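Written out below as C-alpha cells is the structure these notes cover.
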Amino acid sequence: MRAGVAFTGAGISTECGIPDFRSPGGFWSRNRPISFDDFLASREARNEAWRRRFAMEAAFGGARPGRGHRALARGVERGRLTGVITQNIDGLHHASGVPAERLVELHGNSTYATCLNCGLRYELGWVRTRFEAAGGAAPDCATCGGPVKTASVSFGQAMPADEMRRARQMARSCDVFLAIGSSLVVFPAARLPLEARQAGATLVIINREPTEFDAMADLVLRVDIGDVLDNLFDSP
Ligand code: NAD
C-alpha cells in the first residue's frame, strides 16, 4: 500500500466489547445524550453525565485493543500508514501503541477529564473519589472552581480546531483513505472521506452495513473489521 490513512469509528471497537452507537437497545440508545449546553447550565446534568461515565467504566473499562487496533498500530509502525484519525473516545488506538503525533482523536478522549475553565487535566480516579464522597455530585476544579468534564467532545460542543486541522491535512495528503467501522453520518468528521477522495486518494470503506458514501468509494468491503485487518500489515 502507498501512504495510507485510517479513519475509524465505533465499529472497530465492537469486538472489544464496546457497543457502537446505533445498536438497537444498546447502552447509548437508552441514554439521551447530554448536550454541551446542558452540561454547562445544570449541575444536575453534570451529576448525570458523571454517573453515566462511571457506569460505562464498570461495563467497558476493561476493554483492550482488538485485532483492528493492533493491525493499524502495526501499519503505522511499519510506515504503511501515515496516521490514524478516530472518532472514538475510548482511547484504544492510543493503548495499541499509535504514537500521539500519528493519532488524531477528533472527538477527544473519555479516559481522562479536564477543567472547562482552566484546562487542568484530571484522572478519572480523582473525579470518582470526590463524586462518591459527595453522594453522586460532580466535583469542580480544585484550582479555579470550573466544571470538570471528560475530555471528549459532546453534542453541541465545538470541534477541537487543532485536531480538525491535523485530520484534514492527513486526509488531503494520503494516497489511500481507509474508512473503517463508521456509519459516516456524524459531521464534520464524515466530511473527511469526501475531502480525501476529492484530493485524489483512493477511498476504501470497510463496514458491515451500507454507508452514505459507498457510491463514491473505490472499494467497499462489507466484512468484519477484525477478520479483514488482522493480517493486513503483517509483512515487513
Ligand atoms: P456508528 O455506531 O454510527 O457506526 C458504526 C458502524 O460500524 C456501523 O455501521 C456498524 O455496522 C459497523 N460495525 C460495527 N461492528 C463492526 C464490525 N465488527 N465489522 C464491521 N463493521 C462493524 O459509529 P460512528 O460512525 O463512529 O459514529 C458514532 C459516534 O459516537 C462517533 O462520533 C463516536 O465518537 C461515538 N462513539 C464512540 C464509541 C467508542 O469510542 N468506542 C462507541 C460508540 C459511539
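The values are calculated or read from the model by the stated rules, or taken from the named source; none is laboratory data. Quick caveat: nothing in here was measured; it's all calculated off a predicted structure. For neighbour counting, all protein chains shown are included, and Cβ atoms are generated from backbone atoms with ideal geometry for every residue, glycine included. Keep in mind that these areas ignore ligands, DNA and RNA; they rest on the heavy atoms of the full protein, side chains included. Shrake-Rupley method; radii C 1.70, N 1.55, O 1.52, S 1.80 Å.
Remark: pairs (first residue in segment 112-127, farther than 15 Å from Arg46 by Cβ; second residue part of a helix (DSSP H, G or I) and among the charged types (D, E, K, R); Cβ separation under 6 Å; 6+ apart in sequence or on different chains) are absent. If you filter segment 47-68 down to residues that are open to solvent by less than 30 Å² (accessible area, probe 1.4 Å) and outside any loop (DSSP other than H, G, I, E, B), you find that the one that is nearest to the ligand (Cβ to nearest atom) is Gly68.
Screening Ser110 on (1) in a helix (DSSP H, G or I); (2) within 15 Å of the chain's Cα centre (by Cα) shows it passes everything except condition (1).
Of the set (1) within 23 Å of Met164 (Cβ to Cβ); (2) assigned to a loop (DSSP other than H, G, I, E, B), all apply to Arg32 but (1).
Residues that are under 25 Å from Asn31 (Cβ atoms), open to solvent by 50 Å² or more (accessible area, probe 1.4 Å), among the aliphatic types (A, V, I, L, M) and not assigned by TED's automatic domain parsing to the domain that holds Phe7 are absent from segment 139-152. Restricting Met170, Met164, Met159 to residues that are aliphatic (A, V, I, L, M), surrounded by 19 or more Cβ atoms within 10 Å (Cβ to Cβ) and under 20 Å from the mean Cα position of the chain (by Cα) narrows the list to Met170. If you check Glu15, Glu44 for being near the ligand (Cβ under 8 Å from one of its atoms), at pLDDT 95 or above, not in a loop (DSSP other than H, G, I, E, B) and not aromatic (Phe, Trp, Tyr), only one passes: Glu15. With respect to (1) of a type in the set (A, V, I, L, M); (2) within 18 Å of Arg70 (Cα to Cα); (3) open to solvent by less than 20 Å² (accessible area, probe 1.4 Å), the lone exception for Val228 is condition (3). Leu103 meets the conditions (1) of a type in the set (A, V, I, L, M, F, W, C); (2) within 16 Å of the ligand (Cβ to nearest atom); (3) open to solvent by 30 Å² or more (accessible area, probe 1.4 Å); (4) out of contact with any Phe, Trp or Tyr (no Cβ under 6 Å at 6 or more places or on another chain) in every case but one. The failed one is (3).
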